[in-house]
1. Among the residues of the range 43-71, what is the count of those that are in contact (Cβ under 8 Å) with a residue 60 or more places away in the chain and within 21 Å of D131 (Cβ to Cβ)?
2. Which condition does V135 not pass, out of (1) β-branched (V, I, T); (2) farther than 13 Å from V71 by Cβ; (3) in contact with an Asp or Glu (Cβ under 9 Å, 6 or more places away or on another chain), if it passes all the others?
3. Are any residues in the range 220-236 within 19 Å of A251 (Cβ to Cβ), surrounded by fewer than 24 Cβ atoms within 10 Å (Cβ to Cβ) and of a type in the set (V, I, T), and if so, which ones?
4. Go through the range 40-57 and give me each residue that's of a type in the set (A, V, I, L, M) and either modelled with pLDDT under 95 or not in a helix (DSSP H, G or I) (or both).
5. Just to check your reading of the model, which residue among A78, A91 is of a type in the set (A, V, I, L, M) and either more than 20 Å from D54 (Cβ to Cβ) or surrounded by fewer than 16 Cβ atoms within 10 Å (Cβ to Cβ) (or both)?
6. Test E36 against the stated conditions and say whether it is within 17 Å of F120 (Cα to Cα), acidic (D, E) and in contact (Cβ under 8 Å) with a residue 12 or more places away in the chain.
7. Tell me, which residue of the range 55-65 that is touching a helix residue (DSSP H, G or I) at 6+ places or on another chain (Cβ under 8 Å) and among the hydrophobic types (A, V, I, L, M, F, W, C) is surrounded by the most Cβ atoms within 10 Å (Cβ to Cβ)?
8. Are any of the residues in the range 169-181 surrounded by fewer than 14 Cβ atoms within 10 Å (Cβ to Cβ) and in contact with a strand residue (DSSP E or B) (Cβ under 9 Å, 6 or more places away or on another chain)?
Amino acid sequence: MIGWTDAHCHLQDNFLSTTDSSNDGDLDTTLTRAFEAGVDRVVVVGTDFTSSTDALKITSTSSPVEMYATVGLHPHDAKEDLGPVVALARAGHAKLVGIGECGLDYFYEHSPRTQQRQAFSAQIGLAHELDLALVIHARDAFDDLLDILNSEGVPPRTVIHCFTGEPADAENCLSVGCDISISGIVTFKNAESLREAARFVPLDRLHVETDSPFLAPVPYRGKTNEPSFVSVVGDYVAQLRNEDVEVLKSATAANSARLFKLPDRIF
């Protein structure tokens, strides 16, 4: 049977946490728990040169869970030099499937907006150049985000990860060709507008993710998130949309396989 795909997680050493007793911070056991929870594919996402290098490196880990990776410069780090990330992407890697996460974050603004926009535009161009998926981080910045996407051209395979916008934001992103990925935030008490958006997204444009180690879904909120919890997110989204869980699992797995050009499964 097709398993869950965690379309976005961070499993590099600098992300794995031992802040609570439910997570030992060990990659092998984290992947074992994921497989036991029905997860058979994960996409490990880079946010700067170091984490991108590490994401590629850990894809060689022996595990029943298939691992793929992206390289990118997060908007928080947009003030840093993008050059090493570009060189890493252009060097190629068998498990490299995407550029990002990149985008705009006007909530925290850890990097100036001008530099965020420049880094985002450059990474859109890199996704076009290398024919890789584009993984977007967007927070409180959908107007500028769409302006840049329209200006640079939306790569054919683009996803808004950890979507947190309103239904209208989802409609706008879908209309320019982006897919939508839903995280555990959808289970949070104050996330009704996100739940409305999750109901709105067509099944063939929908993904599920953990964004681990962040944003663990209810009933694990406050604990360290991990890929095994993507089944919790998926179950919740299926109930929310009044869809069969197996149908949603298969659809989201197929969507992520399309988005990242993952190889056919061998059973």
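1. Summing the residues that are in contact (Cβ under 8 Å) with a residue 60 or more places away in the chain and within 21 Å of D131 (Cβ to Cβ) in the range 43-71 gives 5.
2. Status for V135: all satisfied but (2).
3. Within the range 220-236, just V232 meets the criteria.
4. Selection gives V42, V43, V44, V45.
5. One residue alone meets the criteria, A91.
6. Against the criterion (within 17 Å of F120 (Cα to Cα), acidic (D, E) and in contact (Cβ under 8 Å) with a residue 12 or more places away in the chain), E36 does not qualify.
7. Out of the qualifying residues, it is L56.
8. yes
The values are calculated or read from the model by the stated rules, or taken from the named source; none is laboratory data. Everything numeric in this text was worked out from a predicted model, so none of it was measured. Cβ coordinates were reconstructed from backbone atoms using ideal geometry, including for glycine residues, and neighbour counts include every protein chain displayed.
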